[in-house]
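Asker: Take a look at this one; I'll ask things after.
The values are calculated or read from the model by the stated rules, or taken from the named source; none is laboratory data. From a predicted model like this one, the values you see are computed outputs, not experimental measurements. For neighbour counting, all protein chains shown are included, and Cβ atoms are generated from backbone atoms with ideal geometry for every residue, glycine included. Accessible surface areas use protein heavy atoms only, side chains included; no ligands, DNA or RNA. Shrake-Rupley method; radii C 1.70, N 1.55, O 1.52, S 1.80 Å.
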Amino acid sequence: MNKQLEHNLKVMIVVPNMSTQLETITGGVHSAVMNLLRGFAALGNPDVILVSINESLKESVEIQFASNVRIYYLPEGPFPSSSLNYFFVSTGRLRKLIKAFQPDLVHYQIGGTLLFTRWASMFSLPHLITIHGIPWAELKIAKHWKQKLTIWLNAVIGDWLYPDTIIQISAYSREQFRNRKINRFCIIPNAIPSRYADIDPKIKMTNHLVFVGIINDLKNQLFILQVLKELRDAGYLFTIEFCGGFGNAEYQQMIESYIKEHHLDNQVKFNGWVAYSDLPKILERSDMLVLTSRQEALPMSIAEAMAAGRPVLATRVGGIPEMIDNAVNGFLVTIDSTRLAAEALKKVYNNDSLMQTLGKAAKEKALSNYMAESVAERTIEFYEQVLTPKATVPAV
C-alpha cells in the first residue's frame, strides 16, 4: 500500500450460502469474495470476519482462513423461507457476532432479502454493499415467472434497504444507480487470484474455446453453438468445452438436441462444474474464452482469462465493453448476429501471431486492473474514506 496504516481496521463481511468446502467454490459472488479475502490475507490488513448465513447448516462452523481472516458460518434458521429466517432469526445471530467482534463497519456482498439482517446494527455501524448484479436489468430478460418473481422481490427489497454507501464493480453498474441517492460510492472490480497470471502464454493456436459458468438461457450458449456450426460449414473447425452445470432441464434438452441435430458432438465437451482451483489448467489448454450472455455486470471469468493471456470473445452487454477493447485484447459482438462472431473467429483461426498479440494485450489490462492485492488495497482505501467524516462548511 502507498501508506502505512496506524492500525488494522475491523471489518465484517456478510454473504449468504457460501460453501464450507472453500476449494469447491466455482465462481460468482462467492469466488469474488474469496479472492478479496486472499488479497486481505496477503496484505495482513484489515482484521476480517466473513459471516455466511447458510440455509443448509444446523450448527455454526468457524474456519481460520488467514492470520487476519476468520470465516463464520451461521445456520439460517428453521423457517422454509430465507426471507423469514433473515428477518426473524439471522438478525439476532448476527447481532451477537457484532457485539463480540465490534467491527468498524459491515460490508454486504449481496443485497435482496439478506439486507433484512441490517437491523442487527442498523443505527450503530457504518454499512456498505458491493453491487454484483443489477436486478432490474435482469428482470427485463428473465423468462420464467418464478425467476421473475424472485428477481422482482430482491430488487424491491434492495431498493428499500440498500445502504447509501456503495461499491460498484463497473461503470455500467454505477449508471444503473444514477437516480439513487448515494452518500459515498466508488468503482472497484471483482478480484482474481494471482495464479491466473502465472499461466504460460499460448504459442500455438489450436482453435480451442472455453466457456465458464452456468449453462442457461441468460448465458446464451446456444448462440456460440450456432456460430460453431456456421464456421464448420465454412471450413473452420473449432472445439469448445463448457465448464459449468445446466441451470434447468429445458435448456439442457435444447442444447443437447441442437448438438445432435447438427452433428457437433466431436466439437463440444461438457465438464460439468469444475473446481475453481482446476480452472487454470483448463485455461492453459484453451486459446480463447467465449461469453455470449444477454446480461452481465463485470464477469470474473473474463478477467481470469485475460490475466492468463487468453483473449475473449463476448457480447457487447453490461460492463463487458469496459473490459474488452475490440480487436485489441479480444472481440465484442452483438447478441443478434452470429455472423459478427463467426467473422471474428475466422480472423484468429490458425493465426498464431494474432492470438499472441491479443493475448499479450489482454494480460496487460488484467494485471493493471483485476489482481487480488490491488483490489484489496483499493477496498481498504474506500473503507477508510467511509470512516472519515466528510468535511463540513462552517457556518458564517
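Asker: For region 1-120, which helices (runs of 4 or more DSSP H) that fit wholly inside it have 1 or more residues that are of a type in the set (F, W, Y)? Before the answer, list the steps.
Answerer: Values: elements: 28-43, 82-85, 91-101.
Where helices (runs of 4 or more DSSP H) fall fully within region 1-120 and carry at least 1 residues being of a type in the set (F, W, Y), they are 28-43, 91-101.
So that you can scan it fast, the table gives a plain yes or no per residue for (1) outside any helix (DSSP H, G or I); (2) crowded, with 18+ Cβ neighbours inside 10 Å:
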position: D336; (1), (2): yes, no
position: R339; (1), (2): no, no
position: A342; (1), (2): no, yes
position: K347; (1), (2): no, no
position: N350; (1), (2): yes, no
position: S353; (1), (2): no, no
position: L358; (1), (2): no, yes
position: A362; (1), (2): no, yes
position: S374; (1), (2): no, no
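Asker: Of everything in region 172-192, what is open to solvent by less than 30 Å² (accessible area, probe 1.4 Å), at pLDDT 90 or above and either under 23 Å from K269 (Cβ atoms) or out of contact with any Pro (no Cβ under 9 Å at 6 or more places or on another chain) (or both)? Give them in sequence order. Before you say what the answer is, go through the steps one by one.
Answerer: Restricting attention to region 172-192, the residues satisfying the condition of being open to solvent by less than 30 Å² (accessible area, probe 1.4 Å) are 173, 177, 186, 188-192.
Remaining after also requiring at pLDDT 90 or above: 186, 188-192.
C186, I188, P189, A191, I192, listed by residue number.
Asker: More than 22 Å from the chain's Cα centre (by Cα), among the charged types (D, E, K, R) and at pLDDT 95 or above - does that describe any residue in region 351-358? Give the steps one after another, and end with the answer.
Answerer: Quick first cut of region 351-358, residues more than 22 Å from the chain's Cα centre (by Cα) only: 351-358.
Narrowing the set further to residues that are among the charged types (D, E, K, R) leaves 352.
Imposing the further condition that a residue be at pLDDT 95 or above reduces the set to 352.
Looking through region 351-358, at least one residue is more than 22 Å from the chain's Cα centre (by Cα), among the charged types (D, E, K, R) and at pLDDT 95 or above.
Asker: Across region 20-32, which residue is least open to solvent (accessible area, probe 1.4 Å) among those that are within 16 Å of the chain's Cα centre (by Cα) and among the polar types (S, T, N, Q)?
Answerer: Selected residue: S31.
Asker: Here's a follow-up. Which of the numbered conditions does V328 fail, given that it passes all the others? Conditions: (1) touching a helix residue (DSSP H, G or I) at 6+ places or on another chain (Cβ under 9 Å); (2) outside any loop (DSSP other than H, G, I, E, B).
Answerer: Unmet for V328, out of (1) touching a helix residue (DSSP H, G or I) at 6+ places or on another chain (Cβ under 9 Å); (2) outside any loop (DSSP other than H, G, I, E, B): (2).
Listed here are the residues, each with its yes/no results for (1) farther than 24 Å from I167 by Cα; (2) open to solvent by less than 10 Å² (accessible area, probe 1.4 Å); (3) not aliphatic (A, V, I, L, M).
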residue	(1), (2), (3)
M34	no, yes, no
G44	no, no, yes
S56	yes, no, yes
S67	yes, no, yes
F79	yes, no, yes
L94	no, yes, no
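Asker: To continue, here is another question. Exactly one of these conditions fails for E250: (1) open to solvent by 40 Å² or more (accessible area, probe 1.4 Å); (2) modelled with pLDDT of 95 or more; (3) acidic (D, E). Give me its number.
Answerer: Only one criterion is unmet by E250, namely (2).
Asker: Is it the case that some residue within region 284-300 is over 19 Å from the mean Cα position of the chain (by Cα) and either open to solvent by 10 Å² or more (accessible area, probe 1.4 Å) or among the aromatic types (F, W, Y) (or both)?
Answerer: For region 284-300, residues over 19 Å from the mean Cα position of the chain (by Cα) and either open to solvent by 10 Å² or more (accessible area, probe 1.4 Å) or among the aromatic types (F, W, Y) (or both): present.
Asker: Here is a list: S353, S337, S368, S374. Which entry is small (G, A, S) and under 25 Å from C243 (Cα atoms)? Reasoning before the result, please.
Answerer: On the way: S353 fails: under 25 Å from C243 (Cα atoms); S368 fails: under 25 Å from C243 (Cα atoms); S374 fails: under 25 Å from C243 (Cα atoms).
Checking each option against the conditions leaves just S337.
Asker: Can you name every residue in region 301-327 that is small (G, A, S), open to solvent by 20 Å² or more (accessible area, probe 1.4 Å) and within 17 Å of E343 (Cα to Cα)?
Answerer: A327
Asker: Go through region 168-183 and give me each residue that's closer than 18 Å to R378 by Cα and of a type in the set (A, V, I, L, M, F, W, C).
Answerer: If the condition is that a residue be closer than 18 Å to R378 by Cα and of a type in the set (A, V, I, L, M, F, W, C), then I169, A171 are the ones that fit.
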